[in-house]
Amino acid sequence: METVAEAERMTERRERQQERNPEQSGETIVDLVIADHEAGLGNEIILTLVKRNRTATLPWTRLRSGSPVLVTAQANNKSVVHGVVSSRNRDAILVSVQEWPEVEPLRIDSCPDEITRKRQRAALQIALESGGRVAQLRSILLGSRLPSFTEPLVSRPADHLNESQREAVRFAISANDLAIIHGPPGTGKTTTVVELIVQTVHQGGSVLACAPSNTAVDNLLEKLVASGQHPLRLGHPARVDSNLREHTLDAQVAQHELIPVIKEMLREAESLHRNANRFTRARPARGQKQGLRQDARRLQRDAKLLESQAIRDVVEMADIVCATTNFPQDIMGDRQFDLGVIDEACQSTEPGCWIPLLRVNRLVLAGDHCQLPPTVLSQQAAQEGMAISLLERLTDLYGDTVTKQLNVQYRMHHRIMDFASQEFYSSTLLAHDSVAEHLLRDLDAIEDTPLTNESVTFIDTAGAGWEEELEPEGASRRNISEAELVLRKVDELVAAGLPVEDIAVIAPYAAQVRYLRSNCVHEELEIDTVDGFQGREKEAVVITCVRSNRKAEIGFLADKRRMNVALTRARRKLIVIGDSATLGAHSFYADLLQYFESIDAYHTVWEEQNFE
């Protein structure tokens with residue numbers, strides 16, 4: 001169902017935008033050329049693609065690290081090459097491919113991720129048929145057998161953690177089968193997960209550390225390296241910071257004793273191919289060229305087998321292996337792990353979690369089911385359970401029996417935190433003393449202004465006539481007047497001395513993101529949808545709610561978990577702009593508006609100096 005829904009959505013968007021602006025869908029980037037490339041394992045080529053006009057930046061796009069794409073010649077859509085996005089920034093997008101595209105300029109288009117779904121289906125089939133430990137975990141995860149716990153063995157002090165974090169580590173170590181670490185925003189969930197991994201390795205165990213996205217895996221990797229560990233990172237080295245690349249599979253395999261032999265075999269194969277293709281005046285002996293090509297192919301096959309052996313050796317030697325949840329099974333060989341950890345587990349559909357599940361003796365899930373759920377396009381699939389993550393399902397099934405919640409947050413001023421704590425976490429969150437009262441004005445070189453000396457500001461646009469509209473030739477919504485106010489607020493923050501890179505703008509609709517980006521003078525300003533900011537933070541965040549209409553329709557703003565993410569990204573300053581008449585018809589936003597009033601954060605657009 002999800003495959004069909006994804007294909008239908010892509011076709012619809014491309015047909016709608018193809019003639020006017022193919023990039024408007026967010027799933028296509030055109031007029032690209034290859035600026036650089038580097039080689040990876042298994043004949044992989046990592047292309048750095050930029051706009052043919054080198055002064056142009058890339059448009060807003062839905063393509064993120066790990067997105068499957070098609071790379072084609074722009075002129076005729078021929079020479080189709082399949083690839084995967086390794087990383088992207090404002091100027092370039094890196095794509096991993098198996099073959100070189102033939103004709104420039106190029107375009108890249110998002111394509112359905114059938115490779116991942118095939119891996120997931122295969123993992124589910126193995127889980128269904130397996131006995132042994134997989135069968136035991138299966139029965140626990142399906143609720144037919146209860147998980148068990150023993151007295152934890154803590155191998156080292158964890159003075160850098162607070163008590164709730166230490167308790168979560170102890171609890172997870174004591175789990176014989178399953179444990180959940182529930183980490184609300186800013187509570188140091190990944191820091192806690194890293195300590196659990198380190199404790200496990202100190203006790204002689206091995207760990208498979210996964211997350212649904214490359215970004216989340218890299219976050220784990222960086223913290224593990226900082227803690228003194230030597231993890232192995234599966235995946236594309238171009239996605240990893242240069243100071244961490246020594247931990248990638250490519251870098252580790254390059255140090256293997258078989259690599260000189262492999263390189264020599266490939267050089268000899270290339271020489272044989274050249275000799276077979278070389279033109280000579282003398283007629284070659286019958287079958288001579290064919291024999292040379294056969295010898296070359298044999299050498300290439302043997303080199304490939306040796307490379308696979310080197311990969312298996314490196315994977316087997318690693319105490320900690322970091323990978324996305326959808327890693328290819330064959331790269332692991334027969335490797336099994338004492339502990340499997342899935343960070344940001346709520347962002348993965350359940351089938352994605354079963355790939356690492358097949359290789360672990362115990363499982364720890366870390367995440368927050370009160371934040372973004374997995375992305376599911378098919379409504380029917382969602383209704384049948386696809387949108388419920390494994391962590392959320394197990395929380396409903398076992399509750400506190402398998403779960404420990406972290407309760408001290410280190411990100412937000414307490415007034416930014418309090419509403420989320422009340423609404424989603426039964427008022428259990430506490431702001432650490434280091435952040436509870438911090439404001440923008442406390443930072444160096446920041447002026448003391450009405451905008452910098454308060455933590456929360458809500459600006460009500462009701463009555464201003466700032467109604468939303470559909471984007472021309474599109475299906476996404478935008479609110480131009482509201483967007484212009486957002487940009488004025490950003491300008492005020494910058495004028496007060498706050499660096500642009502410390503500010504983020506979050507919009508629920510892609511059309512609003514596109515309008516803001518095209519009209520913003522600050523190139524360093526991050527503007528994105530809620531999904532792009534999951535797990536991240538900024539000193540100041542401006543949220544534009546967009547919806548403003550006479551029917552009080554708010555669309556997917558009704559997804560409270562998405563708004564929970566948006567409201568909890570700011571450290572010192574949160575600005576929310578919206579129409580109370582439209583938003584307030586929904587009980588969640590009615591409560592939010594009441595909260596803004598209770599902390600004297602409520603203002604109207606009529607108070608704005610530039611409002612006419």
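The values are calculated or read from the model by the stated rules, or taken from the named source; none is laboratory data. Just so it is clear, the model here is predicted, and its values are computed rather than measured. Reconstructed Cβ throughout: ideal geometry from the backbone, glycine too, with neighbour counts over all protein chains shown. Quick note on the areas: whole protein, heavy atoms, side chains included, nothing else; ligands and nucleic acids left out. Shrake-Rupley method; radii C 1.70, N 1.55, O 1.52, S 1.80 Å.
Using only Cα atoms and rounding to the nearest 10 degrees, what angle (0 to 90) does helix 414-424 make with the longest principal axis of the chain?
Approximately 80 degrees, to the nearest ten.
With the alpha-carbon atoms as the only input, what is the per residue convex hull volume for the stretch 491-612 in Å³? Mind dumping the intermediate values first?
On the way: hull volume 15.1 nm³, N = 122.
In the stretch 491-612, the Cα hull volume divided by residue count equals 124 Å³.
Within the chain, how many Lys pairs that are eight or more residues apart, or on different chains, come under 30 Å at the alpha-carbon?
27
Beyond 19 Å, what percent of the Cα pairs of the stretch 284-422 remain?
Numbers: 6477 of 9591 pairs.
In whole percent, the long-distance tail amounts to 68.
Please list the equivalent ellipsoid semi-axes of the chain, computed as the square roots of five times the alpha-carbon gyration tensor eigenvalues, in descending order and whole angstrom.
Semi-axes (√(5λ), whole Å): 44, 33, 22.
Enter the accessible area per residue of the chain (Å², integer; probe 1.4 Å; all protein chains in place).
Each residue of the chain exposes 45 Å² on average to a 1.4 Å probe.
Suppose the chain between E38 and N549 were pulled fully straight at 0.36 nm per residue; how much longer would it get relative to their current alpha carbon spacing?
Numbers: separation 511, 0.36 × 511 = 183.96 nm, distance 5.08 nm.
So the extension gain works out to 178.9 nm.
Just want to confirm a number: the relative contact order over the chain, from Cα pairs under 8 angstrom separated by 6+ residues, in percent. Please report the intermediate quantities before stating the final value.
Numbers: 1155 pairs, mean separation 73.2, N = 612.
RCO, the chain: 12 percent.
Express in nm, to one decimal, how much length is gained between E129 and A56 on full extension, taking 0.36 nm for each residue of separation and deducting their alpha carbon distance. Could you put the intermediate results ahead of the total?
Working: separation 73, 0.36 × 73 = 26.28 nm, distance 5.29 nm.
Full extension of this stretch gives 21.0 nm more.
I'd like the carbon and sulfur percentage of the solvent accessible area for the stretch 543-593, probe radius 1.4 Å, heavy atoms only, ligands and nucleic acids excluded.
On the stretch 543-593, the fraction of accessible area on carbon and sulfur atoms equals 49 percent.
In whole Å, how far is the Cα centre of the stretch 522-573 from that of the stretch 139-187?
The distance from the Cα centre of the stretch 522-573 to that of the stretch 139-187 comes to 32 Å.
Choose one of V253, P212, H230: the residue whose Cα lies farthest towards the positive end of the charge dipole of the stretch 171-263 (beta-carbon charges +1 Lys, Arg; -1 Asp, Glu; about the Cα centre).
Of the listed residues, the answer is P212.
Can you give me the C-alpha center-to-center distance between the stretch 488-508 and the stretch 202-271, rounded to a whole angstrom?
37
List the residues of the stretch 460-493 whose backbone N lies under 20 Å from a point placed 7 Å from the Cα of A445 along the Cα-to-Cβ direction.
490-493
Using alpha-carbon positions, what is the distance between the centroids of the stretch 107-136 and the stretch 371-444, in Å?
Between the Cα centre of the stretch 107-136 and that of the stretch 371-444, the gap is 28 Å.
For the stretch 466-480, list residues with backbone N below 14 Å from a point placed 7 Å from the Cα of E608 toward its Cβ?
Output list for this probe position: 466-468, 479-480.
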